[in-house]
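Worksheet: one structure, shown below.
The values are calculated or read from the model by the stated rules, or taken from the named source; none is laboratory data. Computed from a predicted model, the values in this text were never measured in an experiment. Glycine gets a Cβ as well: all are built from the backbone with ideal geometry, and neighbour counts include every protein chain shown. Remember, those area values only see protein heavy atoms, side chains included, never the ligands or the DNA or RNA. Shrake-Rupley method; radii C 1.70, N 1.55, O 1.52, S 1.80 Å.
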Amino acid sequence: MPPYLSVIMKREIVLTGIGAVMHFLVDSLSICCLYLLLPSYEGVGFVEVFLTYNILAFMTQPLTGLWVDRMRNRHWALLLSIVLLTLAVGIASFLPFPSYLLPLLLGFGNSLFHVWGGKQTVALMGNDIRALGVFVSTGAFGLAVGFVYCSWALLYVMLIALCLLALFASRDEMVESRSMNSASSGNSDYSLNVVWLSVALLMAVVMFRSYVGQDFSSAIAKTPTLILVIGGVAMLGKMAGGWLAKGFGIVPSMVVVLLVILIAMLFRQSGLAVLLVGIFAINCTMAVTLWLANVVLKGREGLAFGLLAAALIPGWLFAIY
């Protein structure tokens, strides 16, 4: 086998890739399921339903992250997530009336999956900033695909694919005699004051990123093609940020990224290209903030992922209201 293939086929890399694909499927399935049922919610707009889902999916992640950090066998968190998402699809498919269980099940299923995936990525690859970027990147494009190609057929195909991949990933973990938590166990090397000050600063950065990203996105006309382009650019930005930081160093790469963001903000009225560059650049910071959170919250990667995910919501709310 050629050396590059032996690297690509390493168990840890394969499972990290599967986690990224599942991230795409989970976010795509969730948005597709919500949109398919939206006409049934008479008198309730999409913003209300989607807001309920987002709050549950993101704001509960610090709690689910704490729980996943304490689990000995994290595959149960993944399997519970798949059960909740499957129940949501079942309710959407067979109940003759709208059920407000739908955003509840989708939200908690999403919350569990994301912290499981963040924790698993660290367990498999260590706190590798490139792997973190790859895992977090695919959800953005999944949202775009689920919205643009929303259909019952797509929903069922995504659910089947998600279940099969989840079974494979959880089976692999169960076969392993060691707990995957052992790869990231340990206590923070910093004092509590330094830890929580650092986390607060990182959450502030994430809120700013969410606000600016939504601001750039809202300035673009939402045709199906442009929705896919926005999702693809955001995905590439999240992925590229980790590789840029690894290749050129966090500080030099982020200085350039922040300058690009500032220029895009100043010239955001100049056209579509500037807005897309801004979306790409702002998303380059995602892997870096997650890597730093994992450093200061060593051994608590579920909590680190959850806190930064929760910080997305205030920024998003400020941008849309």
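Out of the residues in region 290-304 meeting the condition of being surrounded by 23 or more Cβ atoms within 10 Å (Cβ to Cβ) and of a type outside the set (Gly, Ala, Ser), tell me which one is nearest to Met59 (Cα to Cα). Give the derivation first.
Step one: list which residues in region 290-304 are surrounded by 23 or more Cβ atoms within 10 Å (Cβ to Cβ), which gives 290-291, 293-294, 297, 300-304.
Narrowing further to those that are of a type outside the set (Gly, Ala, Ser): 290-291, 294, 297, 300-301, 303.
Working: Leu290: 16, Trp291: 20, Asn294: 19, Leu297: 19, Arg300: 17, Glu301: 16, Leu303: 12 Å.
Taking the candidates together, the pick is Leu303.
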Of residues in region 102-151 being of a type in the set (D, E, K, R) and open to solvent by 10 Å² or more (accessible area, probe 1.4 Å), the one nearest to the chain's Cα centre (by Cα): Arg130
Scope region 189-217; condition outside any helix (DSSP H, G or I) and not polar (S, T, N, Q); matching residues: Asp189, Tyr190
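Listed here are the residues, each with its yes/no results for (1) farther than 24 Å from Glu12 by Cβ; (2) modelled with pLDDT under 95.
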{"site": "Phe50", "(1), (2)": "yes, yes"}
{"site": "Met71", "(1), (2)": "no, yes"}
{"site": "Ser81", "(1), (2)": "no, no"}
{"site": "Leu84", "(1), (2)": "yes, no"}
{"site": "Phe97", "(1), (2)": "yes, yes"}
{"site": "Leu102", "(1), (2)": "yes, yes"}
{"site": "Met125", "(1), (2)": "no, yes"}
{"site": "Ala131", "(1), (2)": "no, no"}
{"site": "Phe135", "(1), (2)": "no, no"}
Filtered residues of region 64-85 (kept if buried (at least 18 other Cβ atoms within 10 Å of the Cβ) and of a type in the set (Val, Ile, Thr)): Thr64, Val68, Ile82
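Answer yes or no as to whether Val21 is more than 27 Å from Phe318 (Cβ to Cβ), open to solvent by 20 Å² or more (accessible area, probe 1.4 Å), modelled with pLDDT of 95 or more and of a type in the set (A, V, I, L, M, F, W, C).
On the way: more than 27 Å from Phe318 (Cβ to Cβ): yes; open to solvent by 20 Å² or more (accessible area, probe 1.4 Å): yes; modelled with pLDDT of 95 or more: yes; of a type in the set (A, V, I, L, M, F, W, C): yes.
Yes.
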Check on Met254, within 25 Å of Leu132 (Cβ to Cβ), in contact with a Leu (Cβ under 9 Å, 6 or more places away or on another chain), surrounded by 14 or more Cβ atoms within 10 Å (Cβ to Cβ) and without any contact (Cβ under 8 Å) to a residue 40 or more places away in the chain: yes
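Please give the helices (runs of 4 or more DSSP H) falling wholly within region 222-321 in which 2 or more residues are over 20 Å from Val205 (Cα atoms).
On the way: elements: 224-248, 250-266, 272-283, 286-296, 301-320.
Per the criteria, 224-248, 272-283.
Out of Trp76, Trp116, which single residue is aromatic (Phe, Trp, Tyr), modelled with pLDDT of 95 or more and assigned to a helix (DSSP H, G or I)? Working first, answer last.
Working: Trp76 fails: modelled with pLDDT of 95 or more.
On inspection, the qualifying residue turns out to be Trp116.
Considering each of Leu244, Leu307 in turn, give the residue that is open to solvent by 20 Å² or more (accessible area, probe 1.4 Å), in contact with a Pro (Cβ under 8 Å, 6 or more places away or on another chain) and within 27 Å of Ser28 (Cβ to Cβ).
Working: Leu244 fails: in contact with a Pro (Cβ under 8 Å, 6 or more places away or on another chain).
Sole residue among the options that is open to solvent by 20 Å² or more (accessible area, probe 1.4 Å), in contact with a Pro (Cβ under 8 Å, 6 or more places away or on another chain) and within 27 Å of Ser28 (Cβ to Cβ): Leu307.
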Selected residue (criterion: least open to solvent (accessible area, probe 1.4 Å)) from residues of region 152-183 that are over 17 Å from Val14 (Cα atoms), of a type in the set (Ser, Thr, Tyr) and at pLDDT below 95: Ser179
